[in-house]
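Reading through the structure tokens given below for one structure.
The values are calculated or read from the model by the stated rules, or taken from the named source; none is laboratory data. No experiment lies behind these values; they were computed from the predicted model shown. Cβ placement follows ideal geometry from the backbone for every residue including glycine, while neighbour counts extend to all protein chains displayed. The protein model used for the area step is the full one, side chains on, heavy atoms only, and it has no ligands, DNA or RNA in it. Shrake-Rupley method; radii C 1.70, N 1.55, O 1.52, S 1.80 Å.
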Amino acid sequence: MLQQLNKEVLLKRKEALEQVIKRRFIYQPAFSLYGGVAGLYDYGPVGCAIKTNIEQYWREHFIIEEDLFEISATILTPEAVLKASGHVDRFTDLLVCDVKLGTGYRADKIVTETLENRIAKEGDKLAADVKARYLAVIKDVDTFKEDKMKEIIAELQIKAPETGNDLTDPTPFNLMLPTIIGPSTKLPAYLRPETAQGMFLNFARLLEQNGGRVPFGAAQIGLGFRNEIAPRGGLLRCREFQMAEIEYFVDPSEKSTFKKFNKYINLEIPLLSRQLQADAKLHQPYKMGDAVKEGIINNETLAYFICRTYLYLVEIGINPINIRFRQHQADEMAHYSSDCWDAEIEMSSGWVECVGLADRSAYDLNAHSTATGQKLQAARKFKVPQPRQVLQIILDKQKIGKELKKDGMSLIKYVEALSDDEKQDLFEYYQNNEEKIFNIDGKDLTLNRQLVKFEKKTMNVMEEKFIPHVIEPAFGIGRILQAIIEHSFNQRDDPQKTFFKFSPRVAPVKCSILSVVQNEEFDVVIQELTSSLKKLGISCKTDNAGVALGKKYARTDEIGIPFAITVDKETLTTQSITLREIETTKQVRVPIVDVPRLILELSSGLILWTDVLTKYPLFAAKEEDA
């Protein structure tokens, strides 16, 4: 667990952790033989296993529990898709450069780091009003547009950190990585910046798989790419990174209530609401039912996924006292969002956003419907006819066909398929405009107001069409992995002896199988145990080298193997082994026949080590040094 340490101790501990990460190849900068490329990392065997286990439990916790549809969409994404989603125009960070050397910096980060360094360096010598000004800027810098950022950089005399040179004016820098598809068509495209768009584009297919019913959810785990201006902080800001995202489609008239939320109304979670931020206060624990009732969280569906996210992070080994959910401020949210929260984890570098949870309304489905002319909508079906005031559109089909020829039928079908809300929007549009352009199958088709009539009628209907809203939890797997590693890292009384107290669910290897000394009879037992564990899908690591047992324990502790099985002389006579737990180093004597099932239950969270201590006798043994 990440403890409350002073800066000196924390830095010393971080140095020891970084040495272990490098020595045991948990993850390392990619292409190091060629000097490396910032923001790109390779996972070694230990890191890869932890990442795989994080993802697997994510599947169990969300996909299986929530009956989500998992898909795997393509990484290469045509420009037209990301133009419609808004990424081509708005997926930017503000860039400033050293005026002499051209070195680029992300504007909000260089402002924050400069002011934080001034506060730390000046300490009590810094005037109270100046410090207050610095803190106010740090708090809001993420929301600054170009003009405001330029003003702040000039006012506070922010310079290039390495040279002290002036900085250029901030300009938007698009974070997507462009490419070209095909040698002849040369279709402009990008490496996807998120996995979400693949789920939106497949909405109609997924709706069909769910029998046309809403709500339902889609999920995807895969790579995202962002051309970060100044990647740093290990896995915290990468140019290629693993994501796990959910798009949960809901009826907008029903998202305020969610049946499964009742299970969590008394769950307390640390929230840093918009109001608490405005009052410069710290996060506070809220019962989630109260947070919805008081309007702090917009609706029960969003609150439910906040609860599920919190429980997931705790289950995989994040210290609960170092988790908070921070609400986006009004000027921080996208224009289409009604509520957004970030699950932030406290690490050695401060509070880091690791999961984003947003109510995206119907923005994405609307955007792709408009761009393609394909209706991405669902229907509320009624058991008996319901009276509804319906806005009917009456088109002059003959004139439309005469003007648009074969494209006329496409336009007619599109307009007649509009949802009730879209028909109302079209009615209001024509109050002030003479014509409307529809993009259908890549063609711009114009519909003059004179060819459209609107009539309101009360009719009995069996269904209502609507565009679903979306609740989106988006997880940064690399950031979560780095948080787990920091929270799990520990040092024994001898600082050279380090270990990771991983949750058994995500531990890279579930148990080690060791021998007290080299012995052929022990080897037979080790082989049989290994075989029985692997048949159950349990990863294990054997070590029957001729070194002291204490050294074997130290080697497995250093990569966070939670349980160690030791074969000794008594094994041959009693058919039992000793089982050791990594944090307490306590050992118990266990019959060999119980071992596979016991390790399976421990590693899947079905039982705890305290349960084992009550069932099996303690074994007193001194761990000898090498």
Quick one: in region 479-496, which of the residues that are open to solvent by 10 Å² or more (accessible area, probe 1.4 Å) and part of a helix (DSSP H, G or I) is farthest from Gly550 (Cα to Cα)? Arg479
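So, in region 215-269, exactly how many residues are over 22 Å from Thr301 (Cα atoms), under 16 Å from the mean Cα position of the chain (by Cα) and either of a type outside the set (Phe, Trp, Tyr) or in a helix (DSSP H, G or I) (or both)? Walk me through it before giving the result.
In the first step, residues of region 215-269 are kept if they are over 22 Å from Thr301 (Cα atoms); the result is 222-242.
Of the ones still in play, those that are also under 16 Å from the mean Cα position of the chain (by Cα) are 222-226, 235-242.
Right, trim to either of a type outside the set (Phe, Trp, Tyr) or in a helix (DSSP H, G or I) (or both) and you get 222-224, 226, 235-240, 242.
Selection size over region 215-269: 11.
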Name the one entry in Thr556, Thr566, Thr530 that is part of a strand (DSSP E or B), within 26 Å of Ile50 (Cβ to Cβ) and among the β-branched types (Val, Ile, Thr). Thr566
Every residue in region 241-286 that is under 22 Å from Glu344 (Cβ atoms) and of a type in the set (Lys, Arg), please. Arg274, Lys281
Of the residues Phe325, Phe249, Phe261, which single one is more than 30 Å from Asn174 (Cβ to Cβ), in contact (Cβ under 8 Å) with a residue 40 or more places away in the chain, touching a Phe, Trp or Tyr at 6+ places or on another chain (Cβ under 9 Å) and open to solvent by less than 10 Å² (accessible area, probe 1.4 Å)? Phe261
Is it true that some residue in region 25-36 is in contact with a helix residue (DSSP H, G or I) (Cβ under 9 Å, 6 or more places away or on another chain), under 23 Å from Val355 (Cα atoms) and β-branched (Val, Ile, Thr)? yes
Given the conditions (1) in contact (Cβ under 8 Å) with a residue 60 or more places away in the chain; (2) in contact with a strand residue (DSSP E or B) (Cβ under 7 Å, 6 or more places away or on another chain); (3) not aromatic (Phe, Trp, Tyr), report the number of the one that Pro596 does not fulfil. (2)
Filter result (more than 43 Å from the chain's Cα centre (by Cα) and open to solvent by 90 Å² or more (accessible area, probe 1.4 Å)) within region 436-455: Gln450, Lys453
Which of the following residues is open to solvent by 50 Å² or more (accessible area, probe 1.4 Å), touching a strand residue (DSSP E or B) at 6+ places or on another chain (Cβ under 7 Å), farther than 20 Å from Ser419 by Cα and not aromatic (Phe, Trp, Tyr): Glu353, Glu344, Glu315, Glu403? Glu353
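Could you tell me how many of the residues in region 139-195 are part of a loop (DSSP other than H, G, I, E, B), within 30 Å of Gln220 (Cβ to Cβ), among the β-branched types (Val, Ile, Thr) and in contact (Cβ under 8 Å) with a residue 24 or more places away in the chain? Walk me through it before giving the result.
The initial filter retains those residues of region 139-195 that are part of a loop (DSSP other than H, G, I, E, B), namely 144-145, 156-166, 168-170, 175-176, 182-186, 192-195.
Remaining after also requiring within 30 Å of Gln220 (Cβ to Cβ): 175-176, 182-183, 185-186, 192-195.
Now restrict to residues that are among the β-branched types (Val, Ile, Thr): 185, 195.
From what's left, in contact (Cβ under 8 Å) with a residue 24 or more places away in the chain: 195.
Count: 1.
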When every residue in region 63-91 that is assigned to a helix (DSSP H, G or I), over 15 Å from Leu187 (Cβ atoms) and not aliphatic (A, V, I, L, M) is compared, the one most open to solvent (accessible area, probe 1.4 Å) is Arg90
